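Notes to accompany the following structure.
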Amino acid sequence: MRSCVEAGSLVFVEKDVLDFEVEARVLVDWLCKGKCFFRDQDGEEVNIQGRLMWLLPRVHDSVLKGEIEGALKQSVSVKE
């Protein structure tokens with residue numbers, strides 16, 4: 001097992017990655033629907049774009065990373 005880890009063929013998933021990815025999918029959906037803020041468990045208002053930027057390096061799914069990038073870019077694009 002040690003040689004597999006050293007060779008890079010065995011990778012341990014970061015704790016809570018699946019939770020981060022689920023949260024990111026929900027936030028991408030909300031952002032694409034025009035929502036910019038949500039209230040967290042403590043009742044604090046959280047900026048969806050900022051939260052997605054925080055989640056981005058924690059997401060391992062490359063398709064989801066692309067969706068996050070696209071949603072963030074679209075959310076700041078100039079509307080004509």
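Any read-out appearing in this document is the output of simple, stated calculations on the displayed coordinates, not a laboratory observation. Note that the coordinates shown come from a computational prediction; the quantities given were computed from them, not determined experimentally.
Under the rule of at least 5 residues apart or a separate chain, name every residue whose amide H is placed under 5 Å from the amide H of residue 37.
48
Taking the inverse of the average 1/r across all pairs of different Cα atoms in the range 14-76, what Kirkwood radius in Å do you get? Before the final figure, lay out the partial values.
Numbers: mean 1/r = 0.0854 Å⁻¹.
Hydrodynamic radius (Kirkwood, Cα pairs) of the range 14-76 is 11.7 Å.
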